[in-house]
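No lab work stands behind these numbers, since they all come straight from the coordinates. This is a predicted model, so every value here is computed, not measured. Cβ placement follows ideal geometry from the backbone for every residue including glycine, while neighbour counts extend to all protein chains displayed.
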Amino acid sequence: MEHGVNPLFSRTAARPIFAAMTDHILPPRRVDRRLSVAPMMDWTDRHDRAFLRCLTRRTLLYTEMVVTGAILHGRDPARFLDHSAVEHPLALQLGGSDPAELTACTRIAAEWGYEEVNLNCGCPSDRVSAGRFGACLMAEPQLVAECLAAMREAVPADGPEVTVKHRIGIDDLDGYDHLTRFVDTVAGAGVRTFVVHARKAWLSGLSPKENREIPPLRHDVVHRLKQDFPHLEIVLNGGIRSVPEALTHLGPTDGVMIGRAAYETPWILHEADRRVWGDPAHEPESRHAVVRRFLPYIEEQLAAGTHLKHMTRHILGLFQGCKGARAWRRHLSENGPRPGAGPEVVEQALALVPEESAAAA
């Protein structure tokens, strides 16, 4: 199988290119958040985001959370910031609580062409809390407001939009009154977009995984928040498993963020552009077609020295529910890490999945 160079996957750090490629998607510097994919540690890296663009052009994508120190003091900040033109619209999520450091990182994000910079106030892990960022910041709404105000002042009006992602509560600070005080305080800093994970978080006693599963989902709380703050953009996150399910929350809220389902069963995004935006132009006809779209990117990255396993790990769930899915995963998992592994590994794995089975699933 021969694959031509895909111009969408330009491997250049020259930021002006992305604007021409995404003007047809969004008005300049106005991020459409009707549907987005959540920032997920170890998952939503640049290779995963490039893969997701083979399924949807319009869905807003997020980086993994990047700690401010990794950008300001790390040996290779480009590792966290670099991206291909096709990934836009794209948001950078930051972890931190120092206004000066967040300001510096927001300026850098603007230079790298991100449409949005999001402050993480929702991650409940012990390590994150020990660094005084993530969900623990919900106990300090005034500090969050100061951080976000500084971030907003760091960029011009046409620069990245500054947003916040948070829970509906933490520990014993889980009443609706505390949530509204948090939102009201942060909105006072000029922030207009709140991505709300519809679960509270326990900062001790539960692992991050348990914090995604044990606290009950309260979509109704996020709906109520939108009713009480109609002038703010409220995006709902938590427990959404499909695009049709996401659509049921558009109206009660301004947007929906899909998390783990978009990674574990990425095919759910194939209908996003058509169902959410009425744009079928990019919708893939099959899962096999998605893989063929991704192959030029794989070849390009291999030529640049990226190991195949760093890309194939993100596509393991594409055929979930299809005949041959287990053989697909096994072949990629066993052969992708081999020294010198190339695109033939993906093509061999693809041949293990009957095309008619994948189309019917």
Legend entry - Between helix 176-187 and the chain: long-axis angle, C-alpha atoms, 0 to 90°, nearest 10: 80 degrees
Inset, instruction - Amide H neighbours of Glu116 under 5 Å, at least 5 residues apart or on other chains, H built in the peptide plane: list them. - result: Leu90, Leu92, Glu161
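What is the fewest-to-most order of Cys136, Cys123 by other Cβ atoms lying within 10 Å of their Cβ? List each step's numbers first, then the result.
Numbers: Cys136 20, Cys123 25.
Taking fewest neighbouring Cβ atoms as first place, the list is Cys136, Cys123.
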Legend entry - the range 64-82-the range 286-347 distance, computed between alpha-carbon centres (Å): 27 Å
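Please work out whether the range 284-332 counts as rounded, prolate or oblate from its C-alpha gyration tensor, where a ≥ b ≥ c are the square roots of the eigenvalues and a/c under 1.5 means rounded, while otherwise a/b larger than b/c means prolate and anything else oblate?
Working: a/c = 3.20, a/b = 1.52, b/c = 2.11.
Oblate, since a/c reaches 1.5 and b/c is not below a/b.
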Legend entry - Label point distance in nm, Asp158-Ser333, each placed 7 Å from Cα along Cα→Cβ: 5.0 nm
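Go through 60-69, 295-304 and give me the packing order, highest mean Cβ count within 10 Å leading. Before the final figure, lay out the partial values.
Working: 60-69: 21.2, 295-304: 17.1.
Taking the mean over residues of other Cβ atoms within 10 Å, the ranking is 60-69, 295-304.
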Inset, instruction - State the extension gain, in nm to one decimal, for the chain segment bounded by Ala78 and Ser242, taking 0.36 nm per residue of separation less the distance between their alpha-carbons. - result: 55.8 nm
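Could you tell me whether the range 8-277 comes out rounded, prolate or oblate from its Cα gyration tensor? Rule is a ≥ b ≥ c as square roots of the eigenvalues, rounded for a/c under 1.5, then prolate if a/b exceeds b/c, otherwise oblate.
Details: a/c = 1.44, a/b = 1.16, b/c = 1.23.
Because its axes are fairly even, with a/c under 1.5, the range 8-277 counts as rounded.
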Legend entry - Principal axis dimensions, the range 116-256 - Cα atoms, whole angstrom, descending: 41, 37, 26
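Would you mind getting me the FRET efficiency between Trp277 and Asp42? Use the beta-carbon distance for r and R0 = 22 Å, nearest 0.05. Intermediate values should be presented prior to the final figure.
Values: r = 29 Å, r/R0 = 1.33.
That pair, Trp277 with Asp42, gives E of 0.15.
Would you order Thr180, Thr253 from fewest to most other beta-carbon atoms within 10 Å of each residue's own beta-carbon? Don't jump to the answer; show the numbers that get you there.
Working: Thr180 14, Thr253 25.
Fewest-to-most ranking of Thr180, Thr253: Thr180, Thr253.
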Legend entry - the chain: angle of helix 325-335 to the longest principal axis, Cα-based, in degrees nearest 10: 90 degrees
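Can you put Leu247, Leu316, Leu55 in order of Cβ neighbours within 10 angstrom, beginning with the fewest? Please list the in-between numbers first.
On the way: Leu247 14, Leu316 19, Leu55 24.
Fewest-to-most Cβ neighbours within 10 Å comes out as Leu247, Leu316, Leu55.
Rounded to the nearest 500, what is the chain's calculated 222 nm mean residue ellipticity when only DSSP H runs of at least 4 contribute -39500 (n - 2.57) each, over all residues?
Working: 18 runs with 144 residues, N = 361.
Calculated from helices alone, the mean residue ellipticity at 222 nm is -10500 deg cm²/dmol.
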Inset, instruction - Give the percent of DSSP beta bridges with both residues in the chain that are antiparallel, rounded to the nearest 5. - result: 5 percent
Inset, instruction - Please determine, in degrees from 0 to 90 and to the nearest 10, the orientation of helix 141-153 with respect to the longest principal axis defined by the Cα atoms of the chain, where the helix direction is its Cα long axis. - result: 60 degrees
Legend entry - Assigned charges on the beta-carbon of Lys, Arg, Asp, Glu; the chain dipole about Cα centre (debye): 520 debye
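What's the tally of Lys pairs in the chain whose alpha-carbon atoms lie under 25 angstrom apart, where the two lysines are 8 or more places apart or on different chains? Spell out each step's value before the answer.
Values: Lys165/Lys200; Lys165/Lys209; Lys165/Lys226; Lys200/Lys209; Lys200/Lys226; Lys209/Lys309; Lys309/Lys323.
Lysine pair count for the chain: 7.
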Legend entry - Segments 167-173, 224-230 sorted - mean Cβ within 10 Å per residue, highest first: 167-173, 224-230
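Using mean Cβ contacts within 10 Å as the protection proxy, how do 329-338, 41-50 order, highest first? Display every interim value, and only then the final one.
Values: 329-338: 16.6, 41-50: 19.6.
Ranked by mean Cβ neighbours within 10 Å, highest first: 41-50, 329-338.
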Inset, instruction - Starting from the Cα coordinates of the range 302-361, work out the convex hull volume and express it per residue in Å³. - result: 69 Å³
